[in-house]
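Have a look at the structure below before the remarks.
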Amino acid sequence: MYITTPIYYVNDSPHIGHAYTTVVGDALARYHRLAGHDTWYLTGTDEHGLKVARAATQAGVTPQELVDTVSTQYRDVWDLLDISNDDFIRTTEARHRTGVQAFLEALNASGDVYLDRYEGLYCVSCEDYYKEEDLLEGGLCPIHKRAVEQYSEENYFFRLSAYGDALLAHIEANPDFVYPRTRRNEVVGFIKQGLEDFSISRSALDWGIPIPWDDRQVTYVWVEALMNYVTAIGYGHDDAAFDSRWPAVHLVGKDILRFHAVIWPAMLMAAGLEPPRQIAAHGWLLVGGAKMSKTALNQIAPAELVETFGVDGYRYHFLRDVSFGPDGNFSWEGMVDRYNADLANDLGNLANRVFSMVGRYRSGSVPAVQGSTESDERLRAAAAGALEALGGLARYDFPESLLGVWRLFGAANAYVEDNAPWALAKNPDDAGRLDEVLNALLEALRVGAILISPVMPAIAHRLWEQLGLPGRADTAPYTETAAFDVFPAQTVPGGDPLFPRIDT
Ligand code: MSP
């Protein structure tokens, strides 16, 4: 599994919209590692182009100074959010430049690159051309609501128009190539309207990668940005590494679907490479019903939420409450409610109760014995259901998958009520049953720790340590390690509450 996020523009600081894609990718990557799949997770920063060059001018610094500063902000925020990326690509790195130039040579060799004059309306924020009829009233870009600029220059073009049939055939043969279905239909509709050739260079700008055969032109920022997905894994400098990783699953926002599902696969085909494995597009995260933007002053930085909810509370909320595909609305109240209900109550209280009973009734150590009452069977069935539900992560069914995993905690809380350990503890004849009950509860927490690890890696590990287990919660393959069995007889240290309640 080779999973990528978009590379983020460094004209803007990271906000929870950018973090959404990266957290989704991280849960996916951690899930695949947990399943025992060879996994590689890539993210990075998109550092060339007019938009970045202008942002530097406005900030009164050189482009290099700006990109160094903001790229570091991205790295820091991914550290804060426990993102397990295997690599971080910056498009100003030498390996990227080498790979881009090799890719351009391959494109040129296909015979589908030619020189022509371009005239059009350009949105610098999108780094993209628009047709007059696609603009809002007053000639504004539909995404950024800013004025577009009239451009006219000599550029190299890629003959995208020649690839429509090949793209449609590929989409037809690979139903999940563009996910979800609605996005696939959108892409098919767009291709069927007929594709226009596409400018791949810029002459009025020098903050970019020179076209190898014409140093008066730099590569169009979108073209070189897309190439990060292959240059980062070795294209043009380490063929063996490239062959072992490609093709990728690209996670993208809906606004950049066409670049990924139309232009990029066509460029790959022209260069003689396999298309991506999949392009999975999500909606926007809205704040107060609007897309976050600098101008709307509604951007939220992940650190502002992590301060209150912790990194795992943060990750859980965006995966549990935002469906992958449609737009989702962020609300503080919704986040507090979710945290208190699922984390502080269902999971946090369960762990508290179990640790305190194991300490009080058994001085921290429970024999390895299993019960076989109906109540035991129900708990075991819930654990099997949770194990099954986790597989939904691989299909982008994040809320459904987590709901399924949480049924285990619900079942364990019901099991406590059904078996009333406090009553068993009063009667010496019930000592054997009390051992079985406490063992089953510890086992439910052990299984739970493994199952939450893709989404809440830090808490999973903390719970694991509180259970006194050796190693880590995220050991593959989870289908075996998270199968409900008997909890080993050993000391259970317990510890501080995992999720202190948040007062509203
Ligand atoms: N640099 C290009 C991507 C090049 S990939 C070869 C770019 N960068 S971006 O920083 O503007 O956006 C990166 C990603 O963040 C996109 O997938 C975009 O959809 C996502 N998001 C930015 N704001 C968002 C929200 N408010 N909500 C969800 N995702 C959003 O485009």
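Would you be able to tell me the number of residues in the range 206-256 that are over 30 Å from P180 (Cβ atoms), of a type in the set (A, V, I, L, M) and in contact with a Leu (Cβ under 7 Å, 6 or more places away or on another chain)?
Of the residues in that region, 2 qualify.
Yes or no: the range 282-303 includes at least one residue that is assigned to a helix (DSSP H, G or I), more than 11 Å from the ligand (Cβ to nearest atom) and not polar (S, T, N, Q).
Step one: list which residues in the range 282-303 are assigned to a helix (DSSP H, G or I), which gives 302-303.
Checking which are more than 11 Å from the ligand (Cβ to nearest atom) leaves us with 302-303.
Applying the additional criterion that residues be not polar (S, T, N, Q) yields 302-303.
Within the range 282-303, one or more residues are assigned to a helix (DSSP H, G or I), more than 11 Å from the ligand (Cβ to nearest atom) and not polar (S, T, N, Q).
For F309, state whether it is more than 14 Å from the ligand (Cβ to nearest atom), within 30 Å of L343 (Cα to Cα) and assigned to a helix (DSSP H, G or I). Let's see the steps before the verdict.
On the way: more than 14 Å from the ligand (Cβ to nearest atom): yes; within 30 Å of L343 (Cα to Cα): yes; assigned to a helix (DSSP H, G or I): yes.
For F309, the condition - more than 14 Å from the ligand (Cβ to nearest atom), within 30 Å of L343 (Cα to Cα) and assigned to a helix (DSSP H, G or I) - is met.
Please go through the range 49-71 and pick out each residue that is closer than 30 Å to R315 by Cα and open to solvent by 70 Å² or more (accessible area, probe 1.4 Å).
Across the range 49-71, the qualifying residue is only T69.
When the range 461-474 is examined, which residues are found to be in contact (Cβ under 8 Å) with a residue 40 or more places away in the chain and assigned to a helix (DSSP H, G or I)?
L463, Q466
Please identify the pairs in which a residue from the range 54-74 that is under 15 Å from D206 (Cα atoms) has its Cβ atom under 7 Å from the Cβ atom of a residue that is open to solvent by 60 Å² or more (accessible area, probe 1.4 Å) and of a type in the set (K, R), counting only partners at least 6 apart or on another chain.
none
Could you grab me the full set of residues in the range 271-281 that are over 17 Å from N174 (Cβ atoms) and either within 12 Å of the ligand (Cβ to nearest atom) or buried (at least 18 other Cβ atoms within 10 Å of the Cβ) (or both)? Lay out the reasoning, then the answer.
If we filter the range 271-281 for residues that are over 17 Å from N174 (Cβ atoms), which is where we start, we get 271-272.
The answer is A271, and nothing else.
If V178 satisfies every condition in (1) open to solvent by less than 50 Å² (accessible area, probe 1.4 Å); (2) of a type outside the set (D, E, K, R); (3) within 22 Å of V52 (Cβ to Cβ) but one, which is the exception?
That leaves (3) as the condition not met.
If I go through the range 86-127 residue by residue, how many of them are out of contact with any Pro (no Cβ under 8 Å at 6 or more places or on another chain) and open to solvent by less than 40 Å² (accessible area, probe 1.4 Å)?
Of the residues in the range 86-127, 21 are out of contact with any Pro (no Cβ under 8 Å at 6 or more places or on another chain) and open to solvent by less than 40 Å² (accessible area, probe 1.4 Å).
Residues are listed down the side, and each one gets a yes or a no for (1) open to solvent by less than 40 Å² (accessible area, probe 1.4 Å); (2) within 29 Å of the chain's Cα centre (by Cα); (3) within 26 Å of Y361 (Cβ to Cβ):
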position: A444; (1), (2), (3): yes, yes, yes
position: A449; (1), (2), (3): yes, yes, yes
position: S453; (1), (2), (3): yes, yes, no
position: M456; (1), (2), (3): yes, yes, no
position: T475; (1), (2), (3): no, yes, no
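Of all residues in the range 291-329, which are closer than 23 Å to P180 by Cα and either open to solvent by 40 Å² or more (accessible area, probe 1.4 Å) or in contact with a Pro (Cβ under 7 Å, 6 or more places away or on another chain) (or both)?
The answer is K291, R320, D321, S323, G325, P326, D327, N329.
Within the range 1-41, can you find the residues that are under 14 Å from N228 (Cα atoms), touching a Lys or Arg at 6+ places or on another chain (Cβ under 9 Å) and within 11 Å of the ligand (Cβ to nearest atom)?
Correct list: I7, Y9.
I'd like to check which helices (runs of 4 or more DSSP H) are fully inside the range 315-413 and have at least 2 residues that are in contact (Cβ under 8 Å) with a residue 60 or more places away in the chain and within 25 Å of the chain's Cα centre (by Cα).
Values: elements: 332-338, 350-362, 374-390.
In the range 315-413, the matching helices (runs of 4 or more DSSP H) lie at 332-338, 374-390.
Collect the residues in the range 156-175 that are assigned to a loop (DSSP other than H, G, I, E, B) and surrounded by 13 or more Cβ atoms within 10 Å (Cβ to Cβ), keeping them in residue-number order.
Quick first cut of the range 156-175, residues assigned to a loop (DSSP other than H, G, I, E, B) only: 159, 174-175.
Those that are assigned to a loop (DSSP other than H, G, I, E, B) and surrounded by 13 or more Cβ atoms within 10 Å (Cβ to Cβ): R159, N174.
Could you identify the single residue in A94, A53 that is away from the ligand (no atom under 16 Å from the Cβ) and either at pLDDT 95 or above or out of contact with any Cys (no Cβ under 6 Å at 6 or more places or on another chain) (or both)?
Working: A53 fails: away from the ligand (no atom under 16 Å from the Cβ).
Unique residue meeting the criteria: A94.
Restricting attention to the range 25-58, report how many residues are part of a loop (DSSP other than H, G, I, E, B) and among the hydroxyl-bearing types (S, T, Y).
So in the range 25-58, the residues part of a loop (DSSP other than H, G, I, E, B) come out as 35-39, 47-49.
Narrowing further to those that are among the hydroxyl-bearing types (S, T, Y): 39.
Residues flagged as part of a loop (DSSP other than H, G, I, E, B) and among the hydroxyl-bearing types (S, T, Y) within the range 25-58 amount to 1.
Would you be able to say whether some residue in the range 76-85 is touching a Ser or Thr at 6+ places or on another chain (Cβ under 8 Å) and either open to solvent by 50 Å² or more (accessible area, probe 1.4 Å) or of a type in the set (S, T, N, Q) (or both)?
Taking the range 76-85 and keeping what is touching a Ser or Thr at 6+ places or on another chain (Cβ under 8 Å), we get 78, 81, 83, 85.
From what's left, either open to solvent by 50 Å² or more (accessible area, probe 1.4 Å) or of a type in the set (S, T, N, Q) (or both): 85.
So far as the range 76-85 goes, yes, one or more of its residues are touching a Ser or Thr at 6+ places or on another chain (Cβ under 8 Å) and either open to solvent by 50 Å² or more (accessible area, probe 1.4 Å) or of a type in the set (S, T, N, Q) (or both).
Could you grab me the full set of residues in the range 236-264 that are under 25 Å from V113 (Cα atoms), in a helix (DSSP H, G or I) and touching a residue at least 24 places away in the same chain (Cβ under 8 Å)?
Those that are under 25 Å from V113 (Cα atoms), in a helix (DSSP H, G or I) and touching a residue at least 24 places away in the same chain (Cβ under 8 Å): I256, L257, R258, F259, H260, A261, V262, I263, W264.
Return yes when I233 is open to solvent by less than 40 Å² (accessible area, probe 1.4 Å), away from the ligand (no atom under 16 Å from the Cβ), β-branched (V, I, T) and not in a strand (DSSP E or B) and no when it is not. I'd like the intermediate steps shown before the answer.
Details: open to solvent by less than 40 Å² (accessible area, probe 1.4 Å): yes; away from the ligand (no atom under 16 Å from the Cβ): no; β-branched (V, I, T): yes; not in a strand (DSSP E or B): yes.
When the stated conditions are applied, I233 does not pass them.
Restricting the range 142-155 to residues that are in a strand (DSSP E or B) and not small (G, A, S), which is most open to solvent (accessible area, probe 1.4 Å)?
Q150
Within the range 84-141, work out how many residues are farther than 18 Å from E224 by Cα, in a loop (DSSP other than H, G, I, E, B) and over 26 Å from the mean Cα position of the chain (by Cα).
7
Output the qualifying pairs, or none if there are none: Cβ atoms under 6 angstrom, residues six or more apart or on different chains, first residue in the range 91-112 and more than 17 Å from N155 (Cβ to Cβ), second residue open to solvent by less than 40 Å² (accessible area, probe 1.4 Å) and hydroxyl-bearing (S, T, Y).
Sorted first by the residue in the range 91-112, then by its partner, the pairs are H96/T231; G99/T231; G99/Y235.
With L251, L268 as the choices, which residue is surrounded by 18 or more Cβ atoms within 10 Å (Cβ to Cβ), of a type in the set (A, V, I, L, M, F, W, C) and touching a strand residue (DSSP E or B) at 6+ places or on another chain (Cβ under 8 Å)? Before you say what the answer is, go through the steps one by one.
Details: L268 fails: touching a strand residue (DSSP E or B) at 6+ places or on another chain (Cβ under 8 Å).
Going through L251, L268 in turn, the sole match is L251.
The values are calculated or read from the model by the stated rules, or taken from the named source; none is laboratory data. Here the structure is a predicted model, which is why all the values come from computation and not from measurement. Here Cβ is always computed from backbone atoms with ideal geometry, including for glycine, and neighbour counts include all displayed protein chains. Side chains are part of the model used for accessible areas, which takes the heavy atoms of the whole protein and leaves out ligands, DNA and RNA. Shrake-Rupley method; radii C 1.70, N 1.55, O 1.52, S 1.80 Å.
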